[in-house]
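The values are calculated or read from the model by the stated rules, or taken from the named source; none is laboratory data. Remember, predicted model here, so these are calculated numbers, not experimental data. In this analysis, Cβ positions are derived from the backbone assuming ideal geometry, glycine residues included, and neighbour counts consider all displayed protein chains.
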Amino acid sequence: MGRKLKPRKTGVSYAKWGYIFILPFFITYFIFTLTPQIMTVYNSFFENYRNGLKQVGPNFVGLKNYVALFTPDKNGTVGMLKYFGNTLVLWVMGAVPQIVVALLLAVFFTSYRLNIKGQQFFKTVIYMPNLIMAAAFSMLFFTLFSTVGPVNQILLAHGIVEKSVNFLGLKISVRILISLMNFLMWFGNTTILLMAGIQGIDQNMFEAAEIDGANSLQVFFRVTLPLLMPILVYTVITAMIGGLQMFDVPQVLTNGKGVPDRASMTMVMYLNNYLGTSKNFGMAGAISVVLFIISAGLSMFVYNSLSRQYRK
């Protein structure tokens with residue numbers, strides 16, 4: 001019997017080109033992201049800092065850096081917990097209004113009933129604050145709300161206050177200013193994302209709901225919100241991760257001191273203190289690892305909380 005010949009493949013396989021095209025991303029990610037992350041975890045177990053002109057370490061100390069993070073100071077304050085609380089408060093004060101306002105604007109501009117014209121113009125206008133550098137934004141607010149700034153001058157001129165208000169010296173006012181800046185810089189970006197998500201919903205769904213007699217609120221909660229949930233979960237999680245990494249706005253506004261009484265010092269500002277003159281890579285690495293764990297844990301919590309009822 002003759003040997004059976006295998007059928008020759010006809011056609012060209014293009015699968016390999018897909019892997020070739022995405023290969024640069026993975027190479028870049030491995031070199032500039034994954035490798036530094038691994039080194040950060042590695043350094044967190046070492047004593048490695050500069051004391052004046054003397055370099056101490058690197059010496060393996062195990063979990064000593066992590067223990068130091070959660071050891072109370074002479075006033076009984078655990079710095080890591082205090083700065084995490086500050087960061088969480090600042091994020092909630094800025095992100096919750098940001099997402100609520102962005103969601104309302106997105107529904108308003110994409111409403112098939114209102115049929116708003118000039119959506120491209122409105123998208124450009126609301127996105128413009130996002131183009132301003134955070135440092136410039138902070139310097140602007142620092143000038144506006146300083147004791148000799150325009151805001152105090154207006155309040156004094158109209159007799160609203162008898163003397164200049166130290167907005168940058170009050171805990172509540174500093175937090176409000178930081179949250180307001182974060183809101184103004186990011187609500188436009190969030191609005192555009194949510195608008196894109198709503199526009200991706202089949203319009204027949206809205207028409208069917210209207211035919212069935214649903215009002216605007218029923219359409220929003222029964223049609224728009226469930227179908228928009230994947231994009232909404234994405235925006236909330238990315239806003240949360242960005243909020244936990246908050247640095248530039250409070251750093252510039254408070255000159256890196258987190259005044260008053262470190263009430264506006266965030267976790268990344270705390271981390272940056274160890275990367276200053278002391279170059280304490282061990283403690284900085286430990287803070288980074290803790291921040292990563294907190295971000296991952298909160299992201300999973302938010303994801304499960306927001307999407308649980310829509311995954312049934």
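When residues in region 275-295 are screened for being more than 16 Å from MET39 (Cβ to Cβ) and either hydrophobic (A, V, I, L, M, F, W, C) or in contact with a helix residue (DSSP H, G or I) (Cβ under 9 Å, 6 or more places away or on another chain) (or both), 4 of them pass. None of GLU162, GLU210 is at negative phi, out of contact with any Phe, Trp or Tyr (no Cβ under 7 Å at 6 or more places or on another chain), surrounded by fewer than 18 Cβ atoms within 10 Å (Cβ to Cβ) and part of a loop (DSSP other than H, G, I, E, B) except GLU162. Figure legend. Inter-residue proximity from region 167-184: first residues more than 10 Å from LEU90 (Cα to Cα), second residues hydroxyl-bearing (Ser, Thr, Tyr) and assigned to a helix (DSSP H, G or I), beta-carbon distance below 7 Å, spacing 6+ or different chains. Indicated pairs: PHE167/SER173; MET181/SER138.
If I go through region 41-77 residue by residue, how many of them are assigned to a strand (DSSP E or B), out of contact with any Pro (no Cβ under 8 Å at 6 or more places or on another chain) and in contact (Cβ under 8 Å) with a residue 60 or more places away in the chain? Residues flagged as assigned to a strand (DSSP E or B), out of contact with any Pro (no Cβ under 8 Å at 6 or more places or on another chain) and in contact (Cβ under 8 Å) with a residue 60 or more places away in the chain within region 41-77 amount to 5. Among the conditions (1) of a type outside the set (Phe, Trp, Tyr); (2) surrounded by 15 or more Cβ atoms within 10 Å (Cβ to Cβ); (3) part of a helix (DSSP H, G or I); (4) free of Cβ contacts under 8 Å to residues at least 40 places away in the same chain, the only one that ILE154 does not satisfy is (2).
Annotation note: Cβ proximity below 7 Å between a residue of region 235-259 that is on the phi > 0 side of the Ramachandran plot and a residue that is of a type in the set (A, V, I, L, M, F, W, C) and buried (at least 19 other Cβ atoms within 10 Å of the Cβ) (sequence gap 6+ or interchain) occurs for GLY256/MET269; GLY258/MET265; GLY258/MET269.
When SER179, SER216, SER173 are checked against the criterion of being surrounded by fewer than 20 Cβ atoms within 10 Å (Cβ to Cβ) and at pLDDT 90 or above, SER173 stands alone in meeting it.
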